[in-house]
Amino acid sequence: MYDVMPDVSRETMDALKTYHSLVLRWTKSIQLISKRDEGILWERHILDSCQSFQFAQSASNCADIGSGGGFPGVVWAILAKYEDKPLPLTLIERDVRKAAFLRKCKEVLSLNCEIMCKDFMKVTGQGYGAVSARAVASIASILNTTENLRTDQTVYILPKGKNFAQEVEDARENWLFKVSEVQSGVDTDSRILLLRDVRRVSAN
């Protein structure tokens, strides 16, 4: 299972393995991942989260919305800690049980991140340099519901599957943005989409 490994330190690998075990243990009582994904958790979720970290590193701060089982939020927090690449990171999850899991990961792994048990649409007080959302909603829906988190400089980091092009087209009906596509190293049909300069299409 660990034959495919990210290019990280031994300490990082140990932390990722501990996190892997935590997800499997907790998913027996709360559904962090689907039953069919348990055997491919390492590749499908953890390695997939590792590959998008590079795009968040230059952000002043980052919000991972609908963080769920911690993909990519917990993985990013592990990489930030052990690879000495600090990233002010907030994991936002409204489900109380999943938020409890995220807090457990923070405790066990001594991670430097904030866990917010709240609907991300109701978060107030600041904008974020980067917003990540993995398996949360369509691009259009994400843009519609995160205006409270966005600034003029916000970059959206959105891992998407084979229908990514259609999602981009649908979102352009109401939104203007620049998009960069990065080929996934885990799934040839998937992309990491980076959205910048997001603004609504003018009614005029």
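The values are calculated or read from the model by the stated rules, or taken from the named source; none is laboratory data. In this text the structure is predicted, and so the values were computed from the model without any measurement. Here the Cβ is made from the backbone with ideal geometry for all residues, glycine too, and neighbour counts use every protein chain on show.
Remark: pairs (first residue in the stretch 8-19, without any contact (Cβ under 8 Å) to a residue 40 or more places away in the chain; second residue part of a helix (DSSP H, G or I) and not aliphatic (A, V, I, L, M); Cβ separation under 9 Å; 6+ apart in sequence or on different chains) = MET13/TYR82; ASP14/TYR82; LYS17/TRP42. Within the bounds of the stretch 38-61, is there any residue that is in a strand (DSSP E or B) and buried (at least 24 other Cβ atoms within 10 Å of the Cβ)? No, there is no match, as no residue in the stretch 38-61 is in a strand (DSSP E or B) and buried (at least 24 other Cβ atoms within 10 Å of the Cβ). Within the stretch 81-105, residues that are under 16 Å from GLY129 (Cα atoms) reach no partner that is polar (S, T, N, Q) and part of a strand (DSSP E or B) with beta carbons closer than 7 Å at six or more positions or on different chains.
Against the numbered list (1) modelled with pLDDT under 95; (2) more than 21 Å from LEU32 (Cβ to Cβ), ARG134 comes up short only at (2). Within the stretch 80-99, being of a type outside the set (Lys, Arg) and more than 24 Å from ARG150 (Cβ to Cβ) holds for TYR82, GLU83, ASP84, VAL96. Could you tell me which residue of the stretch 114-169 is nearest to LEU91 (Cα to Cα), considering only residues that are in a helix (DSSP H, G or I) and of a type in the set (Asp, Glu)? Per the criteria, the residue is GLU167.
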